[in-house]
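Some notes on the structure that comes next.
The values are calculated or read from the model by the stated rules, or taken from the named source; none is laboratory data. Values in this document were obtained by computation on a predicted structure and should not be read as measured data. All Cβ positions, glycine included, derive from the backbone under ideal geometry; neighbour counts span all protein chains shown.
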Amino acid sequence: MSVHFDFARKKVLSVRYNISSFMPSFEISVPELLEKIRLSEPLILLDIREPYELEDTGIIPGSLSLPMGNISHESLKTLGIQPESEIILICHSGGRAERVCDALVSAGYPHAKTLVGGIGIWILLGQTVGK
C-alpha cells in the first residue's frame, strides 16, 4: 500500500493498494511500530529519503539515514545491519520503501518491513520527529 500525503494541507490525498498488499505482509503500521518501540524490541529504523527531504519533514527519532540510491549490502554492513535484523524502512509515503523492502527480502534480509504510509502517516498521527 502507498499513501500520497499533502503536508501543507495535512491531508491524505490517495491510498493505493497493489497485489503484494494481499500476500504475506512485509509492512508494519505506525501503531504496531510504536508498540515494538515501547517494548524495546530490537529493530532498526532506516530512513531511505534524500537529505533534503529529512530537512523538510524531520526524521523519526532513533532512525538511521541511508538514501535509497546508496543502499547496498556493503552500506548496510557498515551501519551494522545484518541479514537477520528486523529493518523498518521509512520513506515519504511508502512507495520507495516498498521497492527497497522487496529488494532486501529477495537479497536475504527476510525481516525487512515497510512503514505503511511512511513519515507522512507518522506525522499525521501526531508522532515526534527530529532534525
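Conditions tested, residue by residue: (1) surrounded by 14 or more Cβ atoms within 10 Å (Cβ to Cβ); (2) out of contact with any strand residue (DSSP E or B) (no Cβ under 9 Å at 6 or more places or on another chain).
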position	(1), (2)
E50	yes, yes
E55	no, yes
G58	yes, no
S63	yes, no
Q82	no, yes
R96	yes, no
A112	yes, no
G118	yes, no
Checklist line | the stretch 38-75, residues that are touching a residue at least 24 places away in the same chain (Cβ under 8 Å) and aliphatic (A, V, I, L, M) | finding: L43, I44, L45, L46, I48, L54, I59, I60, M68, I71
Note to self: Residues that are touching an Asp or Glu at 6+ places or on another chain (Cβ under 7 Å) and over 17 Å from I37 (Cα atoms): does the stretch 58-67 have at least one?
What the structure shows: yes
Checklist line | Within the stretch 60-98, tally of residues that are among the aliphatic types (A, V, I, L, M), more than 19 Å from T128 (Cβ to Cβ) and part of a loop (DSSP other than H, G, I, E, B) | finding: 4
Margin query: Contact list please: Cβ distance under 7 Å, first residue in the stretch 86-106 and free of Cβ contacts under 8 Å to residues at least 40 places away in the same chain, second residue buried (at least 20 other Cβ atoms within 10 Å of the Cβ), pairs at least six apart or on different chains.
Written below: L104/I87; L104/A112
Item checked: All positions within the stretch 53-86 that are modelled with pLDDT under 95, of a type in the set (S, T, Y) and within 25 Å of I123 (Cα to Cα) -> T57
